[in-house]
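First the structure, in the form of structure tokens, and then the observations on it.
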Amino acid sequence: MTQRIIDNEMVLQAVIGDLRQMFAESKYLRMTVKSGRTRSVDQNAISHAWYGQIARELREDDELGWKCYCKLHHGVPILRAEDDDFRGSYDAAIKGLTYEQKLKVMRLLPVSSLMTKAQLSKYLEAVQADFVGRGVMLSFPEAA
């Protein structure tokens with residue numbers, strides 16, 4: 001499956017050309033299209049700032065380790081619940097792995113980058129709730 005982000009007319013024209021060519025070759029296409037931005041730059045910046053804060057306060061792991069933990073414990077459940085394609089792929093390839101293997105897979109598997117703005121908001125709230133219980137106060141920046 002190929003993922004393309006269409007954010008200008010030239011990319012749109014190229015994608016339409018690609019689709020015409022693929023259809024001409026096989027006379028069959030299966031597509032999933034999602035409109036709207038998947039996440040905001042601000043949400044992305046918050047999550048990465050939080051991983052750093054968690055690593056500085058809870059030194060059992062580094063920033064990447066906490067990112068993988070958050071993806072596995074908070075991101076994967078959201079995507080499995082709301083994205084049939086993700087759930088099918090995850091369950092077939094990753095669900096049966098050991099916990100340690102799943103954490104290693106999180107280094108490579110896109111999770112939060114696949115989320116919509118609403119899903120990423122749920123993710124950030126879940127991460128915040130998890131770590132407040134550990135004494136780490138993760139906060140959202142004040143709106144300007």
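Derivation of every value follows stated rules applied to the coordinates shown; laboratory data play no part. Every value quoted in this text rests on a predicted model; they were computed, and no experiment measured them. Cβ sites come from the backbone with ideal geometry, for glycine too, and all protein chains shown count toward neighbours.
In a reduced charge model with +1 at each Lys and Arg Cβ and -1 at each Asp and Glu Cβ, the range 1-125 shows a dipole moment near 220 debye about its Cα centre. Of the residues Glu57, Glu9, the one with the fewest other Cβ atoms within 10 Å heads the list, and the complete ranking is Glu9, Glu57. In percent, rounded to a whole number, the relative contact order of the chain is 26, using alpha-carbon pairs under 8 Å and six or more apart.
Beyond 22 Å, what percent of the Cα pairs of the chain remain? Value for the chain (Cα pairs over 22 Å): 50 percent. So the label point goes 7 Å from the Cα of Met31 along Cα→C-beta, right? Which residues of the range 69-92 then have their backbone N under 19 Å from it? What the label zone holds, given the 19 Å backbone N cut-off, is 85. Could you give the angle, 0 to 90 degrees to the nearest 10, between helix 117-132's Cα long axis and the longest principal axis of the Cα atoms of the chain? Helix 117-132 and the main axis of the chain meet at about 20 degrees. For the options Asp42, Asp18, Asp84, a Gaussian network treatment of the chain with springs between C-alpha atoms closer than 10 Å singles out Asp18 as fluctuating the most.
If a spin label sat at a point 7 angstrom from the Cα of Ala49 along the line to its beta carbon, the backbone N atoms of the range 101-144 nearer than 11 Å would be those of 139-144.
Can you give the local net charge around Arg80? Use residues other than it whose beta-carbon is closer than 14 angstrom to its beta-carbon, Lys and Arg +1, Asp and Glu -1.
Value of the local net charge: 0.
The lysines within cross-link reach of Lys27, meaning a Cα-to-Cα straight distance under 19 Å and a gap of 8 or more places when in the same chain, come to none at all.
Divide by every residue of the chain the summed helix terms, -39500 (n - 2.57) for each DSSP H run of at least 4, and state the resulting mean residue ellipticity at 222 nm, rounded to the nearest 500 deg cm²/dmol. About -18000 deg cm²/dmol.
For the chain, excluding the exposed loop sites themselves (trypsin sites (Lys or Arg not before Pro), DSSP loop, at most 14 other Cβ atoms within 10 Å), the longest remaining stretch covers 60-94.
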